[in-house]
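S.K.: Here you go, one structure.
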Amino acid sequence: MSTAEFEDVMDLDIEGVEASTAHPAGPTEMESRDVSVWFGQRKVLEGVNIAFPKNTVTALIGPSGCGKSTFIRTLNRLHELIPGAALAGSVLYEGKDIYDAAVDPVHIRLQIGMVFQKPNPFPSMTIRGNVLSGLKLSGMKRANHDDIVEETLTAAGLWNEVKDRLGNAAGDLSGGQQQRLVIARALAVQPHVLLMDEPCSALDPASTLKIEETIRELSKEVTIIIVTHNMQQAVRVSDYTAFFLSEEGTPGHVVEQGATTEIFGNPQEQRTLDYVNGRFG
Amino acid sequence: MSTITFDPETLESLQQQKSTRPWRKKPNRFTASVTLAVVIPALIVSALYLTSDIPVPILLVVIYLPLQLIASGIAAWATKGTRGIADSVIIVNAIGASLFSVIVLVSIIGSLIVRGLRAVSPHFLFQNSVYISPSTPLDYGGIGHSLVGTLLIVFIASLISVPIGIATAVYITEVRGRAVPYVRFFVQAMSGVPSVVAGLFILTIVVATGAFNQSAFAGGLAYAILMLPTVARTAEEVLKLVPDDLRTGALALGSTRARTVLRVVIPAARTGIITAIILGVARVIGETAPLLLAAGNNDQTVVNPFGSPISSVPTYIFNNVALPYPDAVARAWGSALVLIILVAILFTLARIIGRGRVGR
Ligand SMILES: Nc1ncnc2c1ncn2[C@@H]1O[C@H](COP(=O)(O)OP(=O)(O)OP(=O)(O)O)[C@@H](O)[C@H]1O
Ligand SMILES: [Mg+2]
């Protein structure tokens, strides 16, 4: 990418933005129905209804602490690992409730991958070992490990930096490199849905753009849900946007959702307009 | 347009930048005098200890402590005035305390060397004590059979207690089942079991019932009882230090709980778990009473863990140290020296194994 192109993307004017062309809304792959969430007695999310069409990118935006991470973790059943956590409503994946008693969470998490806010490579493994760790941990069989390593690291924009030291400890990488490593790790198991919780918050602009390119590329085959504080990023990568807000100690909820062009170009709510223009949050 | 010119000296110094460590403190007068104030009283007391018969506790409390306080007070006052006294108290305590533990360690090893070194020789390490009586000169016989015994017994004890200990820790930190408080309580209670009781227990239920002879296996069982709580509690602490991010990360990749523990959590805590094993071994390796009861004694080298009574270094020391023959006593001290060196070797090995950070 040339510098000029680079600046073009970074200087996007939000008000009159031409967002990435929305995919035609296909069949719904995931859907949250009336999801409310508690930590102990404290309700942090209320009545979240969002549908995620297959092979699209949905951005979740909203001020810090409004429950975006909490919500995204209910989508692959990580929320339940926290002691005292509770949940109401249902989350449908391919039409079935993932919280159904008959559903194995391990199976769900294998198909619904996740990249976390903080990079968490496995310190006991090499760089290569980390990329392939999902295959080992889930018992998934895929041939040609060398190709998988190269493909996923390239998609995560890390290949050139580490191709000569794949056997080194993952802990020796810089924070941003670690984050790209865990993105590669998540891609290696070929999830159907990819949850990304602020995947670029630790990255430099060039790596960020590389990841965004990857997201666009992946969205041909994968449904992506991404939390971001970066408005330009939401505009650049997402087809749909949901705006979360938690007002004065009330549980977080979705204020407005829809096509990204609508949310950023022509929001119906004053609060959305204020937020996407950086007037609060 | 003007060009910047450097005189040759500056240019050279710019070109040859040396690597320095500016954060290293340079010794100054303050540190020097405080150090002197620590060393002088220690030297005086050491001299007194070597030349007089004053008992060590009295020496330390009545002579060393006041001497030390006065010396450090003078040193601080001399360099920084009254302001420096607080500083000096802290520094003196730190250096003094470390010095004290070093002195204790050195004097233990010193006394072992003084009394036992003359017994140590290659054949002392490799021969057994068949045909050796307490009055046999040091030219013959050794503790090879006891070393083999100790290693065998500790190995058996580790084989039993390390998996159980780690499993217990995993139950407490990873499974977090309902019985956690009870398990914790029992582990804690177990760590209070006196070693002689562990020996008696094994003697009663394993040896006296005729299930097994006094043997390496029975001794290993007794040792395992003592090792288990140390391994379990240390491993628990270590597993707790593994960040939850790693567990969640593994689970998010479609890992089962079991695989997460085996492939991510335990490997991430590997160094710490090795430390847990070291501490367990250190806890038992010198225990004498359980082996007197459960393992017995033997002059021959025994390698069958089940067959017959077996010697070990601690029981060998116990049997020889109080005999009225100087050579037997020297053998006992020599064995103690070997035991300490053995522990040091085991620890170093474990550290080296633990250091390789990335493994498969
Ligand atoms: N493990 C937890 N236990 C109790 N409360 C929690 C826990 N995790 C999050 N919360 C609370 O839930 C609310 C939502 O947190 P969450 O992490 O989802 O916010 P967020 O929208 O992701 O914020 P940010 O943009 O800063 O990441 C916060 O008020 C937080 O204090
Ligand atoms: Mg968050």
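The values are calculated or read from the model by the stated rules, or taken from the named source; none is laboratory data. Since this is a predicted model, take the numbers as computed values, not measurements. Ideal geometry is used to build each Cβ from the backbone, glycine not excepted, and the neighbour counts take in all protein chains shown. Quick note on the areas: whole protein, heavy atoms, side chains included, nothing else; ligands and nucleic acids left out. Shrake-Rupley method; radii C 1.70, N 1.55, O 1.52, S 1.80 Å.
S.K.: Would you tell me the mean number of C-beta atoms belonging to other protein chains that fall within 10 Å of each C-beta in A:184-196, as a whole number?
M.R.: 1
S.K.: While we're on this one: Hey, can you grab everything whose amide H is under 5 Å from the amide H of A:Val115? Only 5+ residues off in sequence or another chain; H modelled, so Pro and N-termini drop out.
M.R.: Amide H neighbours of A:Val115, under 5 Å, 5+ apart: A:Leu195, A:Met196, A:Asp197.
S.K.: To the nearest 500 deg cm²/dmol, what mean residue ellipticity at 222 nm is calculated for chain B from DSSP H runs of n ≥ 4 alone, each contributing -39,500 (n - 2.57), summed and divided by the residues?
M.R.: -21000 deg cm²/dmol
S.K.: With just the Cα atoms of segment B:207-360, tell me how far they stretch along each of the three principal axes, in Å, largest first.
M.R.: 68, 36, 23
S.K.: Quick one: Debye curve from the C-alpha atoms of the protein assembly as shown, no solvent, what's log10 I(q)/I(0) at q = 0.09, 0.10, 0.12 Å⁻¹?
M.R.: -0.96, -1.03, -1.17
S.K.: Ok, one more. Check the straight Cα-Cα distances from B:Lys240 and name the aspartates and glutamates below 16 Å, setting aside those fewer than 8 residues away within the same chain.
M.R.: B:Lys240 reaches B:Glu174.
S.K.: If you don't mind, another one. From the Cα gyration tensor of chain B, with a ≥ b ≥ c the square roots of its eigenvalues, which class applies: rounded if a/c is under 1.5, or else prolate if a/b is larger than b/c, or else oblate?
M.R.: Judged from the Cα gyration tensor, chain B comes out oblate (a/c at least 1.5, b/c at or above a/b).
S.K.: What does the buried accessible surface come to for A and B, summed over both chains, with the probe at 1.4 Å? Round to 100 Å².
M.R.: Accessible area lost upon association: around 2100 Å².
S.K.: May I pose another question? Under a Cβ-Cβ cut-off of 13 Å, what is the net charge of the residues other than A:Asp239 that fall near it, where Lys and Arg count +1 and Asp and Glu count -1?
M.R.: +2
S.K.: Modelling each spin label as a point 7 Å along the Cα-to-Cβ direction, I'd like the A:Asp100/B:Leu43 distance in nm, to one decimal.
M.R.: So the two model labels end up 8.4 nm from each other.
S.K.: Roughly how far apart, in whole Å, are the Cα centres of segment A:181-243 and segment A:250-281?
M.R.: If we compute the Cα centre of each part, the gap is 20 Å.
S.K.: Per residue and in Å³, how big is the convex hull formed by the alpha-carbon atoms of segment B:279-360?
M.R.: Taking the convex hull of the Cα positions in segment B:279-360, it is 124 Å³ per residue.
S.K.: Tell me the net charge near B:Tyr140. Cut-off is 12 Å between Cβ atoms, B:Tyr140 excluded, with +1 for each Lys or Arg and -1 for each Asp or Glu.
M.R.: Result for the neighbourhood of B:Tyr140: -1.
S.K.: While we're on this one: How many percent of the accessible area of segment B:28-117 is carbon or sulfur, using a 1.4 Å probe?
M.R.: 79
S.K.: Using a 1.4 Å probe on the protein heavy atoms, what percent of the accessible area of segment A:163-281 belongs to carbon and sulfur?
M.R.: 45
S.K.: For segment B:167-294, what percent of Cα pairs sit more than 24 Å apart?
M.R.: 40
S.K.: At q = 0.10, 0.16, 0.20, 0.24 Å⁻¹, what log₁₀ I(q)/I(0) does a Debye calculation on the Cα points of segment B:107-213 give, no solvent, two decimals?
M.R.: With no solvent term, the Cα-only Debye profile gives -0.56, -0.98, -1.12, -1.23.
S.K.: For segment B:205-210, just list the computed ³J(HN,Hα) in residue order, Karplus coefficients 6.51, -1.76 and 1.60, θ = phi - 60°, integers in Hz, with x standing in for Gly and Pro.
M.R.: Computed from phi, the couplings for segment B:205-210 are 8, 10, 7, 5, 6, x Hz.
S.K.: List the residues whose amide H sits under 5 Å from the amide H of A:Leu87, counting only those 5 or more places along or on another chain, with H placed 1.01 Å from N in the peptide plane.
M.R.: A:Trp38
S.K.: Can you classify chain A as rounded, prolate or oblate using the Cα gyration tensor, where a ≥ b ≥ c are the square roots of its eigenvalues, rounded means a/c under 1.5, and otherwise it's prolate if a/b beats b/c and oblate if not?
M.R.: Cα axes put chain A in the oblate bin.
S.K.: Sticking with this one: Please provide three numbers in whole Å: the alpha-carbon extents of segment B:50-133 along the principal axes, with the largest listed first.
M.R.: If we take the Cα atoms of segment B:50-133, the spans are 70, 26, 15 Å.
S.K.: Another question about this same structure. Per residue of A:32-45, what is the mean number of Cβ atoms on other protein chains within 10 angstrom of that residue's Cβ?
M.R.: 0
S.K.: Decide, for segment A:201-245, between rounded, prolate and oblate: order the square roots of the alpha carbon gyration tensor eigenvalues as a ≥ b ≥ c, take rounded if a/c falls under 1.5, and otherwise choose prolate if a/b is larger than b/c, else oblate.
M.R.: oblate
S.K.: Which FRET efficiency value, to the nearest 0.05, do you get for B:Lys240 and B:Val89 by plugging their Cβ-Cβ distance into 1/(1 + (r/R0)^6) with R0 = 35 Å?
M.R.: 0.50
S.K.: Which lysines have a Cα less than 20 Å from the Cα of B:Lys80, not counting those fewer than 8 places away in the same chain?
M.R.: Within the straight-line limit of under 20 Å, B:Lys80 reaches these lysines: B:Lys25, B:Lys26.
S.K.: Label-point separation (nm) for B:Thr136 and A:Glu221, each offset 7 Å from Cα along Cα-to-Cβ?
M.R.: 7.5
S.K.: Continuing with the same structure: Over chain A, give the accessible area per residue in Å² for a 1.4 Å probe, as an integer.
M.R.: Computed with neighbouring chains in place, this is 42 Å² per residue.
S.K.: Next question, about the same structure. Can you send over the solvent-accessible area of A:Glu150, 1.4 Å probe, protein chains only, in Å² to the nearest 10?
M.R.: Ignoring ligands and nucleic acids, A:Glu150 comes out at about 90 Å².
S.K.: To the nearest whole number, what is the average tally of beta carbon atoms from other chains within 10 Å of the beta carbons of peptide A:135-141?
M.R.: For peptide A:135-141, the averaged partner shielding equals 5.
S.K.: Report, in whole Å, the centroid distance computed from the Cα atoms of segment B:307-351 and segment B:261-283.
M.R.: Going from one Cα centre to the other spans 28 Å.
S.K.: Any idea of B:Thr230's accessible area? Nearest 10 Å², probe 1.4 Å.
M.R.: 40
S.K.: Which of the pairs A:Lys68/A:Lys163; A:Lys141/A:Lys220; A:Lys118/A:Lys163; A:Lys163/A:Lys210; A:Lys96/A:Lys136 have their Cα atoms more than 29 Å apart in this structure?
M.R.: Those over the limit are A:Lys68/A:Lys163.
S.K.: State the percentage of accessible surface on segment B:144-355 attributable to carbon and sulfur atoms; use a 1.4 Å probe and exclude ligands, DNA and RNA.
M.R.: 70
S.K.: Please list B:258-266, B:44-52, B:272-280 highest first by mean number of surrounding beta-carbon atoms within 10 Å per residue.
M.R.: B:272-280, B:258-266, B:44-52
S.K.: For A:Leu87, what accessible surface area do you get with a 1.4 Å probe? Give it in Å², rounded to 10.
M.R.: 50
S.K.: Between segment A:137-176 and segment B:59-83, how far is it from one alpha carbon centroid to the other, in angstrom?
M.R.: After rounding, the separation between the Cα centres reads 60 Å.
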